[in-house]
1. What single numbered condition from (1) surrounded by fewer than 16 Cβ atoms within 10 Å (Cβ to Cβ); (2) free of Cβ contacts under 8 Å to residues at least 40 places away in the same chain; (3) of a type in the set (Val, Ile, Thr) fails to hold for Val179?
2. Could you tell me whether Asp188 is assigned by TED's automatic domain parsing to the domain that holds Arg149 and assigned to a helix (DSSP H, G or I)?
3. Hey, any hits in segment 233-240 for a residue that's in the same structural domain as Gly134 (by TED's automatic domain parsing), within 18 Å of the chain's Cα centre (by Cα) and on the phi > 0 side of the Ramachandran plot?
4. Can you name every residue in segment 157-178 that is part of a loop (DSSP other than H, G, I, E, B) and at pLDDT below 95?
5. Count, please, the residues in segment 1-32 that happen to be in contact with a strand residue (DSSP E or B) (Cβ under 7 Å, 6 or more places away or on another chain) and among the acidic types (Asp, Glu).
6. Can you list the helices (runs of 4 or more DSSP H) found entirely within segment 15-110 that contain at least 2 residues being crowded, with 20+ Cβ neighbours inside 10 Å?
7. Run down Ala272, Ala240, Ala264 and say which single residue is free of Cβ contacts under 8 Å to residues at least 40 places away in the same chain, surrounded by 24 or more Cβ atoms within 10 Å (Cβ to Cβ) and farther than 19 Å from Gly60 by Cα.
8. So which of Ser210, Ser225, Ser230 is assigned to a strand (DSSP E or B) and within 30 Å of Glu265 (Cα to Cα)?
Amino acid sequence: MSANAAGTVVAAINEAAGKTPVAAPADVRYVTSKALWYAARSGGAFDPTIGPIVKLWNIGLDGERVPSAEEIKAALPLVDYGSVRIDDAAGTVFLPRAGMLLDLGAIAKGYAADEVARVLLEKRVKGAVIDLGGNVKVVGKKPDGSPWRIGIQNPFDERGEHIGIATLEGGATVVTSGVYERYFIAPDGTHYHHIFDTGTGYSVRNGLVSVTIISSSSIDADGLSTTLFSLGLKEGMALAESLEHVEAVFIDEEKRVYLSSGAAEVFKLGNAEFRLTPLP
């Protein structure tokens, strides 16, 4: 489902933008529909047609740069999730405007984790940890019968350093989106990360540094982590609280940690540099 690798279905959908619908297997249509659901639920703060903006910045790839204001202005009208057409009867996906680019990078990894877990369960695996980098899903329990303990990344430190522990069992998942995952420093010293504001075309800047979702569905946790980050603390927390079987951990630039109403049951803060803080 990569938008960058040649020969993928998503690449074919993008190449045919403005021309013709493209045959897409059920899994691609499903993941695309999930992404569009989160786009609608967030009012477009999350948008899987962000591809033209992602391509301009190229963060994490060769040639990352700060695009000109003119380039961003020209690309923004192509970010339009509402125009994507999925035809399940015909088995196709269509982007109606030339230049549109579908990018499922913010949600496809979650789908992959769920699918790996499904296969393991079919094989009667009693316990496993699926780690796809920023996206962890567990199957069953540890060999000694205890739940899995998964660290939540310290967004200000090297990978592997944690702020606390999430306790998981069954098919639970932990997914984090943050400013530290993919970024670059411009010549003027400005930090640009890979989560883009769909209204401005620049990195989201709302005081947050990471959002972690603890849930039963990895595809939902993947989509939600980016969605809630893009919405910001107040609106993001409201969305998290409106959904069943979803808990959220927000961390801001001042190392304040905000928890959804049930998160304390599965997450324990363990780093004295951070402090649990009630919502403002």
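1. Failed condition: (1).
2. No.
3. No, every residue in segment 233-240 fails to be in the same structural domain as Gly134 (by TED's automatic domain parsing), within 18 Å of the chain's Cα centre (by Cα) and on the phi > 0 side of the Ramachandran plot.
4. To start, the set of residues in segment 157-178 that are part of a loop (DSSP other than H, G, I, E, B) comprises 157-161, 169, 171-172.
Result: Asp157, Glu158, Arg159, Gly160, Glu161, Glu169, Gly171.
5. Selection size over segment 1-32: 0.
6. Numbers: elements: 26-41, 51-57, 69-75.
Qualifying helices (runs of 4 or more DSSP H): 26-41, 51-57.
7. Ala240
8. Ser210
The values are calculated or read from the model by the stated rules, or taken from the named source; none is laboratory data. Keep in mind the model is a prediction, meaning the values are calculated, not measured. All Cβ positions, even for glycine, are placed from backbone atoms using ideal geometry, and neighbour counts span all protein chains on display.
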